[in-house]
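Accompanying notes for the structure given below.
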Amino acid sequence: MNKIHIETPLGLITVESDGESITKVNLPGTSEAVFEDGGRPAEVLEEAKIQIQEYFSGKRKEFELPLKTQGTAFQMKVWEALRAIPYGASLSYAEIAEAAGSPKAVRAVGQANKANKLPILIPCHRVIGKNRSLTGYAGTQTDLKAVMLDLEKIAYKI
């Protein structure tokens, strides 16, 4: 496993790779944001750094990185629905449940978002409450979510 650290408006994040695909993004303030250094990052991590920096500078709206996810069949459907939300748009948890083929599974969508190991790249920050309110992100870090929604100019209320 390779890691690279990237300074962002959110703070320092860590991106992990298996050498071929991005496997994890650790946001600041998460218990898994570990910052040890060692070895040269894989090329995919160097590209991830460039693309994430472009995203936060407003120059990139879509990521073009190989991602590796592991989850239940339902989680995979939710993550695909998240990846289909365009930059600058948002959907509610209910709309994602519908897109994943389980319209009553609104809470399960929340759990799938929580299980997303690739935040930012799989944009769970674009999922907001039905009434346009902020809801939990990376646990309870709605301030991180607000930064990304503001960057993308997505309207929400606190």
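For every residue, the table says whether it meets (1) of a type in the set (A, V, I, L, M); (2) open to solvent by 20 Å² or more (accessible area, probe 1.4 Å); (3) outside the structural domain of Val15 (by the TED database).
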position: Glu80; (1), (2), (3): no, yes, yes
position: Gly88; (1), (2), (3): no, yes, yes
position: Ala99; (1), (2), (3): yes, yes, yes
position: Ser102; (1), (2), (3): no, yes, yes
position: Ala115; (1), (2), (3): yes, yes, yes
position: Ile120; (1), (2), (3): yes, no, yes
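Output yes when any residue across the stretch 141-149 is within 22 Å of Asn26 (Cβ to Cβ), open to solvent by 10 Å² or more (accessible area, probe 1.4 Å) and either part of a loop (DSSP other than H, G, I, E, B) or in the same structural domain as Glu7 (by the TED database) (or both), and no when none is.
Yes, some residue in the stretch 141-149 is within 22 Å of Asn26 (Cβ to Cβ), open to solvent by 10 Å² or more (accessible area, probe 1.4 Å) and either part of a loop (DSSP other than H, G, I, E, B) or in the same structural domain as Glu7 (by the TED database) (or both).
The values are calculated or read from the model by the stated rules, or taken from the named source; none is laboratory data. Since the model is a prediction, treat every value here as computed from it, not as a measurement. Note that we place each Cβ from the backbone using ideal geometry, even for glycine, and neighbour counts take in every protein chain shown. Remember, those area values only see protein heavy atoms, side chains included, never the ligands or the DNA or RNA. Shrake-Rupley method; radii C 1.70, N 1.55, O 1.52, S 1.80 Å.
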